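Notes follow the structure.
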Amino acid sequence: MEESWARTEMARVEVWDQRCRGSLERICEQVLARPEESFSAACGPGLRQAGSRIFGAPQMSVEKMLAGHGAQTAQRCQAQAEVIVAQDTTDVNYTTHKGARGLGPINGHADSRGLLLHTAVALTTEGVPLGVLSQESWARDPATFGTAAQRRTRPVAEKETQKWLTGLQKVAEALPDGPRVVLVQDREADVFAFLAAPRPAHIALIVRVCQPRRVEVEAGAEGGPRNVLEAARQAPVVGQLQVQVPRKPGQPEREAVLELAVSAVRVQAPRRRTADVPAGSLALWVVRATELAPPPGCTPIEWILLTTRAVDSLAAARRCVQYYALRWRVERFHYTLKQGCTVERLQFDTAHALQNALALYSIVAWRLLWLTYTARQQPEAPATEVFPPLELQVLAQATQVPVATARDAVRAIAQLGGFPTNPSAKEPGVKVLWRGLRRLEAMVEGWLLALQVLPFMRQD
């Protein structure tokens, strides 16, 4: 592994002074080592001041902050035959930060204040996060709060719906000619303008259905489907698939057996649309995944998906549903950003500075997720590909367990964070991992301090 992961991710960050790059590298490393601490506590006075200057500089932007990481993410993607990109939006709540300027309403409450954050995270087909390919953040205008009813009359470019099209455009720019890309979205992205947007041939879309969109019916057909939901429920069953469903409030993690049904459809454009929404119809495929025997107390799964890629076999239907299930990774990314990196505690004076700080923290959140899922999906990878030798040496001494592989190292770090040591325990999650990283950093610092002090003690 390289001497510093942060140096690699920040190698092409666009800054006006090379000293800024060094500061950002050290901030990334400190925040990763102490993700639960405040920015000031994690970085110390010197780095805190440097970070505040960089984040608040007028010439700095989210795009510039992520330039180096985005380039590295694209390079990691190029090593894959196929990449899943999951995009989603979350709100970042700064209502209690009364002094911050430039924030806007969130959560549908006029008196709330914060930012909206839309991220596109690249993944392997096994679900290992490769990095952030696109990120937008913005504040809603308080003066326009409560005018959602007028959205039908506004062009797509003036609505938050544009975020899906922008995400598609940014992914196409980052990966202009390969590998194959599947862009995955939840129900909020069921927007005709997004489904119909121009895109390169190597990029396909999967969107969970929200709207009962009209479908074309063959001439003379009686009792045929009139909308995409009816088409999905009348589609012929092609087989089954078993998926892992993450836990929800009141519902444990579980294995679910899904029945799969597939049909080709031609979806019509909305009758009421603005001039920038294409007319005509789209040739798509609809896939319905229905849980056969949900456990008591669990809401049964029914996913109805639209995809631009042909689903002409059971294998293709299974891939479509498996890829959609990976959309949870972007939710986990936002969870890690807010709960693990505690970005809602950031104390900066302007929305501009907060947006740039969120971009940097996103790189750290990716790293945390990468460590977690690499150990799960590539457990036999050498530990030296994940952690530097010094950390592995300290880790082995602290836990008294071998750390030859990535899985060994991650479980040992999780052990420092309170993870059980019995072999039958499930794989550690992000929360216990960031606690372990904090303890490991403290141990490394103590070990280095001991090396500095020991020669003087021997002289005495």
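Which members of segment 278-317 meet the condition of being open to solvent by 20 Å² or more (accessible area, probe 1.4 Å), farther than 24 Å from Q251 by Cα and either in contact with a Phe, Trp or Tyr (Cβ under 7 Å, 6 or more places away or on another chain) or not aliphatic (A, V, I, L, M) (or both)?
Listed by number, the residues that qualify are P278, G280, S281, W285, T308, R309, A310, D312, S313.
Please go through segment 83-96 and give me each residue that is open to solvent by 10 Å² or more (accessible area, probe 1.4 Å) and touching a residue at least 24 places away in the same chain (Cβ under 8 Å), ordered by number.
Selection gives D88, T89, T90, D91, N93.
In this structure, does E255 turn out to be of a type in the set (D, E, K, R), in contact (Cβ under 8 Å) with a residue 12 or more places away in the chain, in a helix (DSSP H, G or I) and surrounded by fewer than 19 Cβ atoms within 10 Å (Cβ to Cβ)?
Working: of a type in the set (D, E, K, R): yes; in contact (Cβ under 8 Å) with a residue 12 or more places away in the chain: yes; in a helix (DSSP H, G or I): no; surrounded by fewer than 19 Cβ atoms within 10 Å (Cβ to Cβ): yes.
Answer is no for this residue.
At pLDDT below 90, within 22 Å of L183 (Cα to Cα), surrounded by 12 or more Cβ atoms within 10 Å (Cβ to Cβ) and touching a Pro at 6+ places or on another chain (Cβ under 9 Å): is that true of V243 in this structure? Lay out the reasoning, then the answer.
Details: at pLDDT below 90: yes; within 22 Å of L183 (Cα to Cα): yes; surrounded by 12 or more Cβ atoms within 10 Å (Cβ to Cβ): yes; touching a Pro at 6+ places or on another chain (Cβ under 9 Å): no.
In short, no.
So is E445 outside any helix (DSSP H, G or I), open to solvent by 60 Å² or more (accessible area, probe 1.4 Å) and either modelled with pLDDT under 80 or more than 26 Å from L24 (Cβ to Cβ) (or both) or not? Before the answer, list the steps.
On the way: outside any helix (DSSP H, G or I): no; open to solvent by 60 Å² or more (accessible area, probe 1.4 Å): yes; either modelled with pLDDT under 80 or more than 26 Å from L24 (Cβ to Cβ) (or both): yes.
So E445 fails the test.
Condition (residue is at pLDDT 95 or above and outside any helix (DSSP H, G or I)) applied to segment 22-41: is it met by at least one residue?
Checked against the condition, which is being at pLDDT 95 or above and outside any helix (DSSP H, G or I), segment 22-41 yields no hits at all.
Kindly indicate which of A261, A275, A269 is in contact (Cβ under 8 Å) with a residue 24 or more places away in the chain and either among the basic types (K, R) or open to solvent by 20 Å² or more (accessible area, probe 1.4 Å) (or both). Before the answer, list the steps.
Details: A261 fails: either among the basic types (K, R) or open to solvent by 20 Å² or more (accessible area, probe 1.4 Å) (or both); A269 fails: either among the basic types (K, R) or open to solvent by 20 Å² or more (accessible area, probe 1.4 Å) (or both).
Only one candidate qualifies: A275.
Quick one: in segment 51-82, which of the residues that are polar (S, T, N, Q) and in contact (Cβ under 8 Å) with a residue 24 or more places away in the chain is nearest to L346 (Cα to Cα)?
First, the residues of segment 51-82 that are polar (S, T, N, Q): 52, 59, 61, 72-73, 75, 78, 80.
Remaining after also requiring in contact (Cβ under 8 Å) with a residue 24 or more places away in the chain: 52, 59, 61, 72-73, 78, 80.
Details: S52: 11, Q59: 21, S61: 17, Q72: 26, T73: 26, Q78: 34, Q80: 36 Å.
Filtering segment 51-82 for residues that are polar (S, T, N, Q) and in contact (Cβ under 8 Å) with a residue 24 or more places away in the chain, the one nearest to L346 (Cα to Cα) comes out as S52.
Those residues that are among the basic types (K, R) and closer than 21 Å to R309 by Cα, I need them from segment 254-283; list them, please. Give the derivation first.
Going residue by residue through segment 254-283, those that are among the basic types (K, R) are 254, 266, 271-273.
The one that is among the basic types (K, R) and closer than 21 Å to R309 by Cα: R266.
Just to confirm my filter: which strands (runs of 3 or more DSSP E) fall fully inside segment 75-163 and include at least 2 residues that are acidic (D, E)? Step through it out loud before you land on a result.
On the way: elements: 82-93, 104-106, 109-123, 129-138.
Passing ranges, in order: 82-93.
For segment 97-124, which positions are hydroxyl-bearing (S, T, Y) and surrounded by fewer than 22 Cβ atoms within 10 Å (Cβ to Cβ)? Let's see the steps before the verdict.
Here is the first cut: in segment 97-124, the ones hydroxyl-bearing (S, T, Y) are 112, 119, 124.
Scanning segment 97-124 gives S112, T124.
Report yes if A41 is in contact with a Gly (Cβ under 7 Å, 6 or more places away or on another chain) and open to solvent by 40 Å² or more (accessible area, probe 1.4 Å), otherwise no. Give the derivation first.
Values: in contact with a Gly (Cβ under 7 Å, 6 or more places away or on another chain): no; open to solvent by 40 Å² or more (accessible area, probe 1.4 Å): yes.
No; evaluated as a whole, the condition is false for this residue.
Return the residue satisfying two criteria in turn: it lies in segment 321-378 and is outside any helix (DSSP H, G or I) and of a type in the set (S, T, Y), and of such residues it is modelled with the lowest pLDDT. Give the derivation first.
Filtering segment 321-378 for residues outside any helix (DSSP H, G or I) gives 326-327, 341-342, 346-350, 378.
Narrowing further to those that are of a type in the set (S, T, Y): 342, 350.
Details: T342: 91, T350: 97.
Per the criteria, the residue is T342.
Listed here are the residues, each with its yes/no results for (1) farther than 30 Å from C210 by Cβ; (2) among the aliphatic types (A, V, I, L, M).
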| position | (1), (2) |
| --- | --- |
| Y323 | no, no |
| Q355 | no, no |
| L360 | yes, yes |
| W370 | yes, no |
| P382 | yes, no |
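Quick check on segment 379-394: of everything there that is part of a helix (DSSP H, G or I) and either free of Cβ contacts under 8 Å to residues at least 40 places away in the same chain or not hydroxyl-bearing (S, T, Y) (or both), which residue is nearest to Q72 (Cα to Cα)?
First, pick out the residues of segment 379-394 that are part of a helix (DSSP H, G or I): 383-385, 389-394.
Within this subset, residues satisfying the condition of being either free of Cβ contacts under 8 Å to residues at least 40 places away in the same chain or not hydroxyl-bearing (S, T, Y) (or both) are 383, 385, 389-394.
Values: A383: 21, E385: 16, P389: 22, L390: 24, E391: 23, L392: 24, Q393: 28, V394: 29 Å.
So the residue we want is E385.
Out of (1) assigned to a loop (DSSP other than H, G, I, E, B); (2) of a type in the set (D, E, K, R); (3) closer than 22 Å to S4 by Cα, the odd one out for R48 is which?
Checking R48 against (1) assigned to a loop (DSSP other than H, G, I, E, B); (2) of a type in the set (D, E, K, R); (3) closer than 22 Å to S4 by Cα, the one that fails is (1).
Got a number for residues in segment 395-430 being over 12 Å from R376 (Cα atoms), outside any loop (DSSP other than H, G, I, E, B) and open to solvent by 10 Å² or more (accessible area, probe 1.4 Å)?
The total comes to 6.
Quick one: is R7 open to solvent by 10 Å² or more (accessible area, probe 1.4 Å) and either in contact with a Pro (Cβ under 9 Å, 6 or more places away or on another chain) or outside any loop (DSSP other than H, G, I, E, B) (or both)? First the steps, then the outcome.
Working: open to solvent by 10 Å² or more (accessible area, probe 1.4 Å): yes; either in contact with a Pro (Cβ under 9 Å, 6 or more places away or on another chain) or outside any loop (DSSP other than H, G, I, E, B) (or both): yes.
Spelling it out, R7 is indeed open to solvent by 10 Å² or more (accessible area, probe 1.4 Å) and either in contact with a Pro (Cβ under 9 Å, 6 or more places away or on another chain) or outside any loop (DSSP other than H, G, I, E, B) (or both).
Out of (1) out of contact with any Ser or Thr (no Cβ under 9 Å at 6 or more places or on another chain); (2) open to solvent by 80 Å² or more (accessible area, probe 1.4 Å); (3) under 18 Å from A283 (Cα atoms); (4) modelled with pLDDT of 90 or more, what's the single condition that is false for R226?
Looking at each condition in turn, R226 falls short on (4).
Quick one: in segment 16-45, of everything that is of a type in the set (A, V, I, L, M) and under 25 Å from the mean Cα position of the chain (by Cα), which residue is nearest to M65 (Cα to Cα)? Full working, then the answer.
Going residue by residue through segment 16-45, those that are of a type in the set (A, V, I, L, M) are 24, 27, 31-33, 41-42.
Of the ones still in play, those that are also under 25 Å from the mean Cα position of the chain (by Cα) are 24, 27, 31-33, 42.
On the way: L24: 9, I27: 13, V31: 16, L32: 17, A33: 20, A42: 20 Å.
Only one residue fits best here, namely L24.
The values are calculated or read from the model by the stated rules, or taken from the named source; none is laboratory data. Source: prediction; values computed, not measured. Here Cβ is always computed from backbone atoms with ideal geometry, including for glycine, and neighbour counts include all displayed protein chains. Protein only, heavy atoms only, side chains kept; ligands, DNA and RNA dropped before computing areas. Shrake-Rupley method; radii C 1.70, N 1.55, O 1.52, S 1.80 Å.
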